[in-house]
Amino acid sequence: MSASNCLKDDCLFCRIIKGEIPSTLVYQDDCTYAFRDINPQAPTHILVIPKNHIDSCADISEENSEWVAGCFVSIAKIAASEGLEKGFRVISNSGEDAGQTVKHLHFHILAGTKMDEGLI
Ligand code: AMP
Ligand code: ZN
């Protein structure tokens, strides 16, 4: 990871990265922090976040896309280490209509159950 990171004092997920708020760590590297969702919606529910504050998918740019690419490399590693061979779903809510509640870019990994087609 070449780009320097910026974490915000008033952001829940930045504070989790800094260790100020406890979390159940699944995986981390220079770019990514991944931890168990506190309110799981599937048997496996992991949040993958960049170690740099980005509000949402709407704020991804050429300048910060390295962080996003790093998250997806981590997602593949986590899927392998968690044994998700039967499949998994990756979701990122962006903005009010999508129901984003924490304004730090995050990717939900959901797995361990047969998910219906619903919205997607
Ligand atoms: P979203 O609604 O897409 O913004 O997702 C935010 C997610 O963060 C929700 O699934 C919450 O359950 C989860 N969450 C909120 N606070 C924590 C926390 N302290 N530790 C782990 N997950 C959390
Ligand atoms: Zn943040």
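For the reader, a short list of remarks on this structure follows.
- √(5λ) per eigenvalue of the Cα gyration tensor, the chain, largest first, Å: 22, 16, 15
- Annotation: lysines with alpha-carbon distance below 20 angstrom to K103 (same-chain offsets under eight excluded): K8, K18, K51.
- Any cysteine of the chain lacking a neighbouring Cys Cβ under 4.7 Å - listed by number: C6, C31, C57, C71
- Qualifying lysines (Cα of each under 23 Å from Cα of K114; at least 8 residues distant if same chain): K77, K86
- Calculated FRET efficiency for the pair I38/E66, C-beta based, R₀ 25 Å, to 0.05: 0.35
- Cα long-axis angle, helix 65-81 against the chain (0 to 90 degrees, to the nearest 10): 40 degrees
- Rolling a 1.4 Å probe over the protein heavy atoms leaves R15 with an accessible area of roughly 80 Å².
- Computed accessible area, V26, all protein chains, 1.4 angstrom probe, square angstrom: 40 Å²
- Largest-first ordering by accessible area, 1.4 Å probe, given options T101, T24: T101, T24
- At R0 = 22 Å, FRET efficiency that the Cβ-Cβ distance of A80 and H45 yields, to 0.05: 0.80
The values are calculated or read from the model by the stated rules, or taken from the named source; none is laboratory data. All of these numbers come straight from a predicted model, not from anything done at the bench. When we count neighbours, we look across all protein chains shown, and the Cβ atoms used for this are built from the backbone with ideal geometry, even at glycine. Keep in mind that these areas ignore ligands, DNA and RNA; they rest on the heavy atoms of the full protein, side chains included. Shrake-Rupley method; radii C 1.70, N 1.55, O 1.52, S 1.80 Å.
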